[in-house]
Amino acid sequence: MEQLIIRAGNDYPVLIGEKALGKIRQFILDLSPEVTSTLLLIDETVYQYHKDMIHESIPFDDIHVLPAGEKAKTFAVYEQVMGKALESGLDRHSLIIACGGGATGDLAGFTAATYMRGIRYIQVPTTILAHDSAVGGKTAINHPLGKNMTGSFHQPSAVVYDSSFLRTLPEREIRSGFAEVIKHALIADHDFLQELMKHVTDFKTLDQDFLQYALKKGIQIKGEVVAKDEREQNIRAFLNFGHTYGHAVEAWSGYGGKLHGECVMIGMVYAILLSQRQTELKFDLDGFLVWVHSLGYETKAAAPFEELLKLMKNDKKNLKHHIRFVLLEEVGKPVLKKIDQEELLQVHRLLQQRGE
Ligand code: NAD
Ligand code: ZN
């Protein structure tokens, strides 16, 4: 088991490993002696699969089971959870524990950020994608007019990442989440990318030790970027590599149609193609495509360019309607660049020819 410290807001620990959950009791005691009560918010599927382990390891005074996945990130669920927190008598020294994937973490984090103007929370991520979402303090729920449009920055007090949850995660969710691990390698660490390409050849037989190592590296990279720019004024935007085009594909497919990480992979290949034209990037794209296709990723989108363009213009990273892209000058060296529409169309066409 390993412990990292994320230096953003109040520095907080991330504990990663098999049986990490066994340590949560001590974490809560260490947080401060004055935690008055705890409310566990848990994804219903996770609760079904891991009920015994949860009751054995997590000390909670009250529990609220959330609809699985994205269905938790609504105003209706938020209101129910606020009601539950009030009925349970949570006060400003209480603690929320979020146990589930990124959706649970986002809803629970937003609840913690806003209940009595902010109480503490601990993230207990249960998906691969949540190695990314549990760290960094972004919390949000969706509005019918836009995903993540109501949210806040609120750092967790700790992250307890027990890899034994991942055994019940469907392969498609593993693939989706792993796209963000690959993203962390692309933006920060050439050697890490090489290691991934060597060791990750099939998600069904992924070596557990290597998986834990890769998740730890991903969290470390995210933590370092966030520590430098907690509120996304500048370099935190690099974490959006692959997300401008990727988010547009995700929105076009209807959220829930294609999974987030599946779209991010398409967006990353797009951003690499764009980088090859806009920067000095030298990158073996053929080798990369062979690898990701063998892992089951798709790398092109059926969406019409005009639709994607409209969606990309809504991206939160844009300032005054310019489309800004995170590109790579090298693996590990991202830059932000404004790109004009004609170039975006050309690269969309290139992707259609190159992708699978
Ligand atoms: P998710 O939370 O929607 O979970 C995916 C599915 O897996 C759900 O059906 C869930 O019930 C199930 N599940 C979760 N853990 C499981 C387990 N251990 N075993 C079996 N099934 C399990 O998906 P996700 O991919 O973890 O997160 C996606 C969400 O994260 C999106 O809402 C996205 O906006 C958000 N996100 C937030 C940030 C951030 O910085 N806050 C970053 C990236 C993504
Ligand atoms: Zn993402």
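The values are calculated or read from the model by the stated rules, or taken from the named source; none is laboratory data. Note that this is a predicted model, so its numbers are computed, not measured. Virtual Cβ from ideal backbone geometry, glycine too; neighbours counted across all protein chains shown.
Only one of (1) over 29 Å from residue 25 (Cβ atoms); (2) of a type in the set (D, E, K, R); (3) modelled with pLDDT under 95 is not met by residue 209, so which one is it?
Looking at each condition in turn, residue 209 falls short on (1).
What is the one condition in (1) assigned to a loop (DSSP other than H, G, I, E, B); (2) charged (D, E, K, R); (3) under 24 Å from residue 219 (Cβ atoms) that residue 70 does not satisfy?
Going through the list (1) assigned to a loop (DSSP other than H, G, I, E, B); (2) charged (D, E, K, R); (3) under 24 Å from residue 219 (Cβ atoms), residue 70 breaks only (1).
In the range 56-65, which residues are within 16 Å of ligand 1 (Cβ to nearest atom) and over 19 Å from residue 107 (Cβ atoms)?
The answer is 57, and nothing else.
With respect to residue 293, determine if the residue is more than 20 Å from the chain's Cα centre (by Cα) and within 22 Å of residue 235 (Cβ to Cβ).
On the way: more than 20 Å from the chain's Cα centre (by Cα): yes; within 22 Å of residue 235 (Cβ to Cβ): no.
No; evaluated as a whole, the condition is false for this residue.
Considering only residues that are in a helix (DSSP H, G or I) and within 16 Å of ligand 1 (Cβ to nearest atom), look in the range 187-207 and name the one that is surrounded by the most Cβ atoms within 10 Å (Cβ to Cβ).
Within the range 187-207, the first condition is being in a helix (DSSP H, G or I), and the residues that meet it are 187-188, 190-199, 203-205.
When the remaining residues are screened for being within 16 Å of ligand 1 (Cβ to nearest atom), the result is 187, 203-204.
On the way: 187: 24, 203: 18, 204: 8.
Filtering first and then ranking leaves 187.
Among the numbered conditions (1) surrounded by 15 or more Cβ atoms within 10 Å (Cβ to Cβ); (2) more than 16 Å from ligand 1 (Cβ to nearest atom), tell me where residue 242 comes up short.
(2)
Applying the selection to the range 124-164, what residues are within 19 Å of residue 25 (Cα to Cα), more than 16 Å from ligand 2 (Cβ to nearest atom) and in a strand (DSSP E or B)?
124, 158, 159, 160, 161, 162 - these are the residues of the range 124-164 that are within 19 Å of residue 25 (Cα to Cα), more than 16 Å from ligand 2 (Cβ to nearest atom) and in a strand (DSSP E or B).
What residue, of 135, 124, is within 11 Å of ligand 1 (Cβ to nearest atom), among the aliphatic types (A, V, I, L, M) and touching a Cys at 6+ places or on another chain (Cβ under 7 Å)?
Working: 135 fails: touching a Cys at 6+ places or on another chain (Cβ under 7 Å).
None of the others qualify; the one that does is 124.
Within the range 99-116, is there a residue that is part of a helix (DSSP H, G or I), in contact with a Pro (Cβ under 7 Å, 6 or more places away or on another chain), farther than 15 Å from residue 72 by Cα and not polar (S, T, N, Q)?
No, because not a single residue in the range 99-116 is part of a helix (DSSP H, G or I), in contact with a Pro (Cβ under 7 Å, 6 or more places away or on another chain), farther than 15 Å from residue 72 by Cα and not polar (S, T, N, Q).
Just checking, which of 100, 105, 89, 118 is in contact (Cβ under 8 Å) with a residue 12 or more places away in the chain, in contact with a helix residue (DSSP H, G or I) (Cβ under 9 Å, 6 or more places away or on another chain) and farther than 21 Å from residue 179 by Cα? If you could, list the steps in order and put the result at the bottom.
Details: 100 fails: farther than 21 Å from residue 179 by Cα; 105 fails: farther than 21 Å from residue 179 by Cα; 89 fails: in contact with a helix residue (DSSP H, G or I) (Cβ under 9 Å, 6 or more places away or on another chain).
Exactly one of 100, 105, 89, 118 is in contact (Cβ under 8 Å) with a residue 12 or more places away in the chain, in contact with a helix residue (DSSP H, G or I) (Cβ under 9 Å, 6 or more places away or on another chain) and farther than 21 Å from residue 179 by Cα, namely 118.
Kindly establish whether residue 168 is closer than 21 Å to residue 262 by Cβ, away from ligand 2 (no atom under 16 Å from the Cβ) and under 14 Å from the mean Cα position of the chain (by Cα).
Details: closer than 21 Å to residue 262 by Cβ: yes; away from ligand 2 (no atom under 16 Å from the Cβ): yes; under 14 Å from the mean Cα position of the chain (by Cα): no.
No, not satisfied.
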